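*Asks:* Encoded as structure tokens, here's the structure I'll be asking about.
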Amino acid sequence: MRRVLWILAAAVAVALPFLVPKSFYLQIIASAYITAIAVYGLNVILGYTGLLNLGHAAFFGIGAYAVALLQTKAGWPFWPALLAGCVASVVLGALVGMVSLRTRGNYFAIFTAAVGVMIAIVFTNWQDLTGGNIGIVNIPPPPPIGSLTFDGDVPKYYLVLAALALTILICVLVRNSLIGRTFVAIADNEDLARATGVNVARVRLTAFMLSTFLAGLAGGMFAMYNGNLGPDQTGLDITFEQLLYLVIGGIGTIAGPLVGTLVLVEISQQLQGVEQYRFLIFGPMLVLLVRFFPLGIVGGFNRLTARWVRP
Amino acid sequence: MHLFFQELLNGLVVGSLYALVALGLALIYGTMQVPNFAHGHLYMLGAYVAFFGVTVAHIGYWPAMLLAIVVLALVGILLERLVFRPLSNAPEVNTIIAAVGVLFFLQTLAQVWFGGDYRVFPSPYDRVVHFAGLVATQQQLIIIVAAAVLMIALFWFLKRTLTGATIEAVAQNRAGAALVGIDTNRVSMMVFAISAGLAAAAATLIASISLISPSMGFTVILKAFAIIVLGGMGSVPGAIIGAYILAFAESFAGTYISSNYQDAIAFGVLVLILTFKPTGLFAKGT
């Protein structure tokens, strides 16, 4: 049944540009997909290994700034710039991970928060490179591949959708692989995992790098889709927002990041006019969720259906 | 050399404020192992309470500070009771997530009620004082003295009163404290009240030399975390020493290196410490 739901969702996503005539709505959904990619990254590290990376948005920023700068300053085309953005994010992720993963629990969260804020401070203050608070504008659209052009809402939507599909595919493959099971084994019981011969440090680092890769990919997509970029996209509050989406969707589930992001973006849309006050509801909701419903929407759904559907 | 002493004085002012904020955070962490990411937003709320006390209710500076302390102590109790106590057996990450929820709520509440603009808090003590060639405002001197008085009062309370001793007992061993008949829940509530009250006092003190806004809690909270990691998570004297060290480092780096990256120092220090000592300086046990 879950497979049927996935196919249905994919069909709706592909048909969406033909279903909604307003390009405004398409833009909102595409932006939600981009956020969802970053939330998948957060899910890899928090959901699979139980570590909360509060610097996640900074890695999103590394990908985004790399893509934006390589195109506007170095004149690279989009595709190699996107690749370089993801690589930059992963390399930095590896460096930060090697150090931060020696800490545990609260220390890890505080450490990564500090790294994230430092990176955001650099984005704000290195004005010659990053344009300071104004950021970077006029990032060109991707060059056409053959007769396929990427200038316009619909092709960009499909490009973002493809990145999201790739992200989900990676997460499913990882989840079902030996390494994915090792992630979960460590989250459940670190000592037991170590006793069975798992190299805990290396496995954690792998998860962290995968997580920062997805953050970088999302950042690159953000720069491409919006055509402009500022340091406010990389702050601690953005990480907090992604965390909110993840908790509501369901930590550690495959569909959770997408469901949480889409549901909250949709609710925010319904609150037009009072949208900036949405956290008056979302804040207490987060508190209530971790207390009474830590599984989130998808986790709850899985538990409900687990009784009569074998996964 | 003159510039050096002037920066020393500025560092002392900023350090006093950091100490009051970090102290509250350390107190909560020490007794409940809760990293209260919403602490900076309690500080922000305190600044607004005092601001409206002075500008709208016209009750004067010191009564406004008292009002802010009382109101925030109540908010602290409410938070402990409604948010953190029910999560005391949940995974660490859940506590952080709940704190993030509280932080979002408080920041938006401030934006709705007070507007997003920066506001100027009028200080009744804005005369400039010259002393041995150094320049300071009266407010800056008041900050140094008031912070010292509050810290001494807190130490006296923790070390010389029975109620204070219960806090120390819970910090040392929660189960043991409960066994000898200490009401640990009451201690947790008390700690949250003191912590939020100190944040309100710090906010009232600083508000009159800088601007207040709904987002003023964000930088403060991260610096406070840097400080308590520096001072050993949960250690009260450590938090005070850490606060002054960080403030001096920022003050001198701002003058002699670059003021753009002044705010990054705290995080640089934090990253360095945790790089070489993943459990923090002066950590108790493991």
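*Asks:* I need a count of the residues in the stretch B:147-172 that are surrounded by 18 or more Cβ atoms within 10 Å (Cβ to Cβ) and in contact (Cβ under 8 Å) with a residue 60 or more places away in the chain.
*Replies:* Qualifying residue count for the region: 8.
*Asks:* Counting only residues that are aromatic (F, W, Y) and free of Cβ contacts under 8 Å to residues at least 24 places away in the same chain, give me the helices (runs of 4 or more DSSP H) lying completely in the stretch B:173-286 with at least 1 of them.
*Replies:* Numbers: elements: B:174-179, B:184-207, B:217-230, B:236-256, B:264-276.
Counting at least 1 such residues, we get B:236-256, B:264-276.
*Asks:* Quickly run through the stretch A:55-75 and pick out the residues that are under 16 Å from the mean Cα position of the chain (by Cα) and among the hydrophobic types (A, V, I, L, M, F, W, C).
*Replies:* The answer is A:A57, A:A58, A:F59, A:F60, A:I62, A:A64.
*Asks:* Turning to a different aspect of this structure: Conditions first: (1) within 12 Å of chain B (Cβ to nearest Cβ); (2) in a helix (DSSP H, G or I). A:F213 passes all but one, so which condition is the exception?
*Replies:* It fails just one condition, (1).
*Asks:* Can you confirm whether the stretch B:106-121 contains a residue that is under 28 Å from B:Y61 (Cβ atoms) and among the hydroxyl-bearing types (S, T, Y)? So that I can check it myself, show each step before the final result.
*Replies:* Here is the first cut: in the stretch B:106-121, the ones under 28 Å from B:Y61 (Cβ atoms) are B:106-107, B:109-121.
Now narrow it down to the ones that are among the hydroxyl-bearing types (S, T, Y): B:118.
Within the stretch B:106-121, one or more residues are under 28 Å from B:Y61 (Cβ atoms) and among the hydroxyl-bearing types (S, T, Y).
*Asks:* Being exposed (fewer than 13 other Cβ atoms within 10 Å of the Cβ), within 14 Å of chain B (Cβ to nearest Cβ) and modelled with pLDDT of 85 or more, is that true of even one residue in the stretch A:263-273?
*Replies:* No: zero hits.
Condition check ((1) under 21 Å from the mean Cα position of the chain (by Cα); (2) in contact (Cβ under 8 Å) with a residue 12 or more places away in the chain; (3) at the interface with chain B (Cβ under 9 Å from one of its Cβ atoms)) across all residues:
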| position | (1), (2), (3) |
| --- | --- |
| A:P80 | yes, no, no |
| A:G85 | yes, yes, no |
| A:A94 | yes, yes, no |
| A:S100 | yes, yes, yes |
| A:V117 | yes, yes, yes |
| A:A120 | yes, yes, no |
| A:N125 | no, no, yes |
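For every residue, the table says whether it meets (1) surrounded by 23 or more Cβ atoms within 10 Å (Cβ to Cβ); (2) closer than 30 Å to B:T137 by Cβ; (3) modelled with pLDDT of 80 or more.
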position	(1), (2), (3)
B:S195	yes, yes, yes
B:A203	yes, yes, yes
B:L222	yes, yes, yes
B:I240	yes, yes, yes
B:G254	no, yes, no
B:A264	no, yes, no
B:L274	yes, no, no
B:G285	no, no, no
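*Asks:* Identify all residues within the stretch B:66-114 that are acidic (D, E) and more than 11 Å from chain A (Cβ to nearest Cβ); write none if there are none. Working first, answer last.
*Replies:* As a first pass, look at the stretch B:66-114 and keep what is acidic (D, E): B:80, B:92.
Of everything in the stretch B:66-114, just one residue is acidic (D, E) and more than 11 Å from chain A (Cβ to nearest Cβ), namely B:E80.
*Asks:* Since A:P294 meets every condition but one in (1) at the interface with chain B (Cβ under 7 Å from one of its Cβ atoms); (2) in a helix (DSSP H, G or I), which condition does it not meet?
*Replies:* Failed condition: (2).
*Asks:* Okay, next question. Quickly run through the stretch A:160-176 and pick out the residues that are of a type in the set (A, V, I, L, M) and surrounded by 18 or more Cβ atoms within 10 Å (Cβ to Cβ). Lay out the reasoning, then the answer.
*Replies:* In the first step, residues of the stretch A:160-176 are kept if they are of a type in the set (A, V, I, L, M); the result is A:160-166, A:168-170, A:172-174.
The answer is A:V160, A:L161, A:A163, A:L164, A:I168, A:V174.
*Asks:* With of a type outside the set (V, I, T), on the phi < 0 side of the Ramachandran plot and in contact (Cβ under 8 Å) with a residue 24 or more places away in the chain as the only criterion, which of B:G46, B:G101, B:G53, B:G133 stands out? Outline the logic, then answer.
*Replies:* Values: B:G101 fails: in contact (Cβ under 8 Å) with a residue 24 or more places away in the chain; B:G53 fails: in contact (Cβ under 8 Å) with a residue 24 or more places away in the chain; B:G133 fails: on the phi < 0 side of the Ramachandran plot.
Residue meeting the stated conditions: B:G46.
*Asks:* Name the single residue that is surrounded by the fewest Cβ atoms within 10 Å (Cβ to Cβ) among those in the stretch A:177-193 being more than 16 Å from A:T206 (Cα to Cα) and at pLDDT 85 or above. Step through it out loud before you land on a result.
*Replies:* First, the residues of the stretch A:177-193 that are more than 16 Å from A:T206 (Cα to Cα): A:188-189, A:191-192.
If we keep only those that are at pLDDT 85 or above too, we end up with A:191-192.
On the way: A:D191: 9, A:L192: 11.
Selected residue: A:D191.
*Asks:* A follow-up question, please. Give the residue, chosen from B:V149, B:V229, that is in contact with a Leu (Cβ under 9 Å, 6 or more places away or on another chain) and either more than 30 Å from A:D237 (Cβ to Cβ) or hydrophobic (A, V, I, L, M, F, W, C) (or both).
*Replies:* Details: B:V149 fails: in contact with a Leu (Cβ under 9 Å, 6 or more places away or on another chain).
The unique qualifying residue is B:V229.
*Asks:* Which numbered condition trips up A:P141, out of (1) within 14 Å of chain B (Cβ to nearest Cβ); (2) farther than 23 Å from A:G50 by Cβ; (3) not in a helix (DSSP H, G or I)?
*Replies:* With respect to (1) within 14 Å of chain B (Cβ to nearest Cβ); (2) farther than 23 Å from A:G50 by Cβ; (3) not in a helix (DSSP H, G or I), A:P141 is out only on (1).
*Asks:* What do you reckon, is B:I77 part of a helix (DSSP H, G or I), surrounded by 15 or more Cβ atoms within 10 Å (Cβ to Cβ) and at pLDDT below 90?
*Replies:* Details: part of a helix (DSSP H, G or I): yes; surrounded by 15 or more Cβ atoms within 10 Å (Cβ to Cβ): yes; at pLDDT below 90: no.
So B:I77 fails the test.
*Asks:* Are any of the residues in the stretch A:259-275 touching a residue at least 40 places away in the same chain (Cβ under 8 Å) and of a type in the set (A, V, I, L, M)?
*Replies:* Checked against the condition, which is being touching a residue at least 40 places away in the same chain (Cβ under 8 Å) and of a type in the set (A, V, I, L, M), the stretch A:259-275 yields at least one hit.
*Asks:* Can you tell me how many residues within the stretch B:221-271 are more than 9 Å from chain A (Cβ to nearest Cβ), under 20 Å from A:T124 (Cβ atoms) and of a type outside the set (A, V, I, L, M)?
*Replies:* Adding up the residues that qualify gives 5.
*Asks:* Then there is this: Working only within the stretch A:224-239, note down all residues that are within 14 Å of chain B (Cβ to nearest Cβ), over 12 Å from the mean Cα position of the chain (by Cα) and assigned to a helix (DSSP H, G or I).
*Replies:* Listed by number, the residues that qualify are A:P231, A:D232, A:L236, A:D237.
*Asks:* Another question about this same structure. Against the conditions (1) free of Cβ contacts under 8 Å to residues at least 24 places away in the same chain; (2) touching a helix residue (DSSP H, G or I) at 6+ places or on another chain (Cβ under 7 Å); (3) closer than 27 Å to B:G164 by Cα, where does B:H39 fall short? Just the number, please.
*Replies:* Against the list (1) free of Cβ contacts under 8 Å to residues at least 24 places away in the same chain; (2) touching a helix residue (DSSP H, G or I) at 6+ places or on another chain (Cβ under 7 Å); (3) closer than 27 Å to B:G164 by Cα, B:H39 comes up short only on (1).
*Asks:* While we're on this one: Would a scan of the stretch B:109-129 turn up a residue that is part of a helix (DSSP H, G or I) and within 27 Å of A:G47 (Cα to Cα)? Give the derivation first.
*Replies:* Keep residues of the stretch B:109-129 that are part of a helix (DSSP H, G or I), which gives B:109-114.
From what's left, within 27 Å of A:G47 (Cα to Cα): none.
The answer is no; no qualifying residue exists.
*Asks:* With the requirement that a residue be more than 7 Å from chain B (Cβ to nearest Cβ) and either modelled with pLDDT of 90 or more or buried (at least 21 other Cβ atoms within 10 Å of the Cβ) (or both), what does the stretch A:102-115 give you?
*Replies:* Passing the criteria: A:F108, A:T112.
The values are calculated or read from the model by the stated rules, or taken from the named source; none is laboratory data. Predicted model, so just to flag it, every value in this text is computed and none were measured. Cβ: placed from backbone, ideal geometry, glycine included. Neighbour counts: every protein chain shown.
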